[in-house]
Amino acid sequence: MKIIRTVGEMQGASEQDRMQGLRIGFVPTMGFLHEGHLSLVRIARSLSDRVVLSIYVNPTQFSPGEDLSRYPRDFERDEALAADAGVDAIFHPSDSEMYPEGFRTSVRVREITEHLCGSSRPGHFEGVATVCLKLFHAVKPHVAVFGQKDAQQAAVIRRMVKDLDLDLEIVTGPIVREPDGLAMSSRNAYLSPVERKQAAVLHESLKTAEGLIRKGEMSAEVIKGRIQDMIAGKSSARIDYVEVVDAESFKPVSRLDSPAVIALAVFFGKTRLIDNMLWRPVTGTSR
Ligand code: AMP
């Protein structure tokens, strides 16, 4: 497994692979790898000949006061996990490599970024879109794999790829969960034992919502109310948002009669966690 730290070297390696007719699969991450990330690596593996994993904690997607400086990092551990999972190359650039002196450009995807994490983390998706576009130009993938865990992020990237005619496919992988249902996240490492236990309510409330919808409840207000009540019952929880949005535009909807995402962001102590469930009324499936 190669460790590549510069854009030029990454582009050279990918160009060589492409000249040999090899298909490149790409999984962008901020590191501190867990089974959620590794599941995406396995999807990329199944769709391509070469798998590149990037590990880069992108400063431009963090607002002032967020957890950039304390974001968990352990490159040696990540390296071992990536090698085990069959990654061919890790792209691990420095901040000065990604944002050299004089950097002035950004990518803004409109509308789809207005709600949910877009409104509670101003500038977040501009940072995400810009870094993903840069990573795509460095890695030159045929396919990039994102997690449904960050559903709005995946939708923003799909929109950007379409709007800017990028020649790559975006694939999303399902949310990987801990045994009690908590979605795996590098940020779970911040949780105290009490917060960790109480955080299971996120998935429990989404399952309860799913049960209500299956019984015929179509009102977003009713669904949101039930989720909010369940979360409010946990002493360390503070709701950032609980919202029902259209699965493509990410605009809030009042009824669940077309594909929708039930999305939530909740602080447990100082740690902000997100989770969501995709609901497709026609097939009655959720994920
Ligand atoms: P991150 O390192 O948190 O920026 O995540 C990198 C990628 O892994 C993103 O596409 C996430 O959506 C995805 N991811 C994070 N957690 C999970 C999870 N529990 N299940 C599936 N994918 C995930």
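The values are calculated or read from the model by the stated rules, or taken from the named source; none is laboratory data. What you see is a predicted model, and the numbers here were worked out from it, not measured in a lab. Neighbour counts are summed over all protein chains in view; Cβ atoms, including those assigned to glycine, are modelled from backbone coordinates with ideal geometry. Note: areas computed on protein heavy atoms with side chains; ligands, DNA, RNA excluded. Shrake-Rupley method; radii C 1.70, N 1.55, O 1.52, S 1.80 Å.
Overview of values
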{"read-out": "Residue in region 139-149 that is more than 19 Å from residue 273 (Cα to Cα), among the aromatic types (Phe, Trp, Tyr) and either at pLDDT below 95 or within 14 Å of the ligand (Cβ to nearest atom) (or both) present", "value": "no"}
{"read-out": "Contacts under 8 angstrom Cβ, first residue in region 228-252 being on the phi > 0 side of the Ramachandran plot and in the same structural domain as residue 192 (by TED's automatic domain parsing), partner assigned to a strand (DSSP E or B) and open to solvent by less than 60 Å² (accessible area, probe 1.4 Å), 6 or more apart", "value": "250/261"}
{"read-out": "Strands (runs of 3 or more DSSP E) lying entirely in region 167-281 (those with 2 or more residues that are among the charged types (D, E, K, R))", "value": "237-246, 271-280"}
{"read-out": "Breaking point among (1) under 21 Å from residue 32 (Cβ atoms); (2) open to solvent by 30 Å² or more (accessible area, probe 1.4 Å), for residue 188", "value": "(2)"}
{"read-out": "Residues located in region 88-110, provided they are assigned to a loop (DSSP other than H, G, I, E, B), more than 19 Å from the chain's Cα centre (by Cα) and touching a residue at least 40 places away in the same chain (Cβ under 8 Å)", "value": "88, 93, 94, 99, 106"}
{"read-out": "Conditions (1) under 22 Å from residue 166 (Cα atoms); (2) in a loop (DSSP other than H, G, I, E, B): number failed by residue 136", "value": "(2)"}
{"read-out": "In region 201-256, residue surrounded by the most Cβ atoms within 10 Å (Cβ to Cβ) [restricted to those that are of a type in the set (A, V, I, L, M) and touching a Lys or Arg at 6+ places or on another chain (Cβ under 7 Å)]", "value": "209"}
{"read-out": "Wholly within region 1-79, strands (runs of 3 or more DSSP E) carrying at least 1 residues that are touching a His at 6+ places or on another chain (Cβ under 7 Å) and within 10 Å of the ligand (Cβ to nearest atom)", "value": "24-29, 50-55"}
{"read-out": "Flag if residue 157 is β-branched (Val, Ile, Thr), in contact with a Phe, Trp or Tyr (Cβ under 7 Å, 6 or more places away or on another chain), within 15 Å of the ligand (Cβ to nearest atom) and not in a strand (DSSP E or B)", "value": "yes"}
{"read-out": "Matching residues, region 111-133, being among the small types (Gly, Ala, Ser), assigned to a helix (DSSP H, G or I) and farther than 15 Å from residue 162 by Cβ", "value": "118, 119, 120, 127"}
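Let's see how each residue does on (1) of a type in the set (Phe, Trp, Tyr); (2) surrounded by fewer than 18 Cβ atoms within 10 Å (Cβ to Cβ); (3) under 18 Å from residue 116 (Cα atoms):
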position	(1), (2), (3)
172	no, no, no
177	no, yes, no
180	no, yes, no
272	no, no, yes
